[in-house]
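See below for the structure under consideration.
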Amino acid sequence: MSVVFLLQTRPGFERDAQQEARTVALERRGLELKPVETGEGFVLLQSDAPLTPFGWRDLAFSRTLSRVIADIQLGDRDRLTPILDVVGQKAMTFASVWLEWPDTNDGKAMSGFARKFQPLLEEKLAAAGRLGQDASTRLQLFFPSKSRVLVSVSEPQWGAPWPLGILRLRMPTDAPSRSTLKLAEAFEVFLGEQGQQDKLKPGMTAVDLGAAPGGWTWQLLRRGIKVYAVDNGPMKGSCDGHPLVKHLRQDGFRFRPPHPVDWLVCDMVERPGRVAELVADWLAEGAARQAVFNLKLPMKKRAEALSDALERIEARMLAAGLAYTLQVKQLYHDREEVTVYLARPAATGRRRR
């Protein structure tokens, strides 16, 4: 029985999401995924096997994924009945209901409709006994437009824990720049709540390469971490002259700390392969224990550039004989880039692919 998967992505990265998903499914499970449809902000892929070949953490360019159970064309007046009819045919109970849409200007216009429509749908499903606290499956309704809905389902182990796969964060009023949200999101996605408590502790040390004006340094400071801020540019706001910050006007590619640090963070604008090699060298040499860094991707062949950068990291870590953890995501607050988490030692050993 064939299965169709819905992958949601940043608009403009649909080709990259499709290419990556097909490669991962083939390499990890030997499954051939066939393209069904590419829309703005989403991709549909078909598999001849019912097995889900990956989870949202396995894919850099896909924010979340779900399994499509129906593709419904909707009328202008009654959108509720066709959905209830389809769900009624499935012997399933759902933990929650999410209404989703493409992350586009047209898609965002659906949010007003969703606020009114969702309570009505939940009321009908609850009355029919289709919502239950003991269930784990999520019912996700993805609206490419008001006249069409992709009814899909996902499980917590392979679908992202946020609607649309987007973690919503508020901009801190005293942070020096909006780039602070990228590191805040990275900590949430890669470490989770418990991981942040265990791995981001007061008294730790960190290096921020390309630190100015201080958006990433600010995230470390608020956790009581001492920071070497390396950048020829000026630090701003609370990061300028902070007692936990040592601002060094040096070349980020040449700097090394006097002692090993707990964290390396890096948001420098440079070729992804060069940044990947730099960070891998830090961890292979023991200069840092873990790192979060961004890889700026070229407009063309982004998936290929990312694969090349990850292979450079793998080669360096394997040459050093080190176990490691490697995770990659294009976060909501990223643009033409992806964010990477690299740590040593790692219980799982090699990277995700």
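The values are calculated or read from the model by the stated rules, or taken from the named source; none is laboratory data. Keep in mind that this is a model prediction, so the values were computed, not measured. Cβ sites come from the backbone with ideal geometry, for glycine too, and all protein chains shown count toward neighbours. To get the accessible areas, we keep the full protein, side chains included, count just its heavy atoms, and leave off ligands, DNA and RNA. Shrake-Rupley method; radii C 1.70, N 1.55, O 1.52, S 1.80 Å.
Structure summary
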read-out: Euclidean distance between Cα centres, region 254-282 to region 1-59, Å; value: 32
read-out: Residue among LEU200, ALA229, GLY165 farthest towards the positive dipole end of region 128-275, charges placed on Cβ; value: GLY165
read-out: log10 of Debye I(q)/I(0), alpha-carbon scatterers only, for the chain at 0.12 Å⁻¹; value: -0.91
read-out: Projected label distance in nm at GLU188 and GLU32, using a 7 Å step from Cα toward the beta-carbon; value: 4.1
read-out: The chain - accessible surface per residue (Å², probe 1.4 Å); value: 45
read-out: Accessible surface of region 264-327 [probe 1.4 Å, protein heavy atoms]: carbon and sulfur percent; value: 50
read-out: Fraction in percent of alpha-carbon pairs per bin - 10 Å, region 259-352; value: 17, 54, 26, 3
read-out: Globularity index of region 186-284, i.e. its alpha-carbon radius of gyration over 2.2 N^0.38 Å; value: 1.04
read-out: Principal-axis tilt of helix 272-284 within the chain, Cα atoms, nearest 10 degrees; value: 60
read-out: Solvent-accessible area of PHE42 with every protein chain in place, 1.4 Å probe, in Å² to the nearest 10; value: 10
read-out: When the convex hull of its Cα atoms is projected in every direction, mean area for region 1-139 (nm²); value: 9.1
read-out: Residues in region 1-26 that a label on GLN46 would reach, taking backbone N under 13 Å of a point 7 Å out along Cα→Cβ; value: 1-5
read-out: Ratio of Rg to Rh over region 149-202 (Cα coordinates, Kirkwood Rh, two decimals); value: 1.08
read-out: Among beta bridges that DSSP assigns inside the chain, antiparallel share in %, nearest 5; value: 65
read-out: Volume of the Cα convex hull of region 64-193, divided per residue and given in Å³; value: 135
read-out: All-pairs Cα distance distribution in region 113-163, expressed in whole percent, bin size 5 Å; value: 4, 16, 23, 29, 20, 7, 1
read-out: Angle in degrees between helix 180-199 and the longest Cα principal axis of the chain, rounded to the nearest 10; value: 90
read-out: Filter on LYS300/LYS329; LYS236/LYS301; LYS34/LYS296; LYS226/LYS300; LYS34/LYS116; LYS246/LYS329 - keep pairs with C-alpha separation over 27 Å; value: LYS236/LYS301; LYS34/LYS296; LYS226/LYS300; LYS34/LYS116; LYS246/LYS329
read-out: For region 237-313, the spread of Cα positions along each principal axis, largest first, Å; value: 43, 30, 18
read-out: Those aspartates and glutamates that a straight Cα-Cα span of less than 17 Å connects to LYS146, excepting residues fewer than 8 apart in one chain; value: GLU40, ASP71, ASP76, ASP78, GLU100, ASP103, ASP106
read-out: Farthest toward positive dipole pole in region 1-122 [+1 Lys/Arg, -1 Asp/Glu at C-beta], among LEU44, THR93, PHE117; value: THR93
read-out: Tilt relative to the chain, helix 14-29 - C-alpha long axis, 0 to 90 degrees, to 10; value: 90
read-out: Gaussian network model of the chain, Cα within-10 Å springs - most flexible of MET204, MET299, MET110; value: MET299
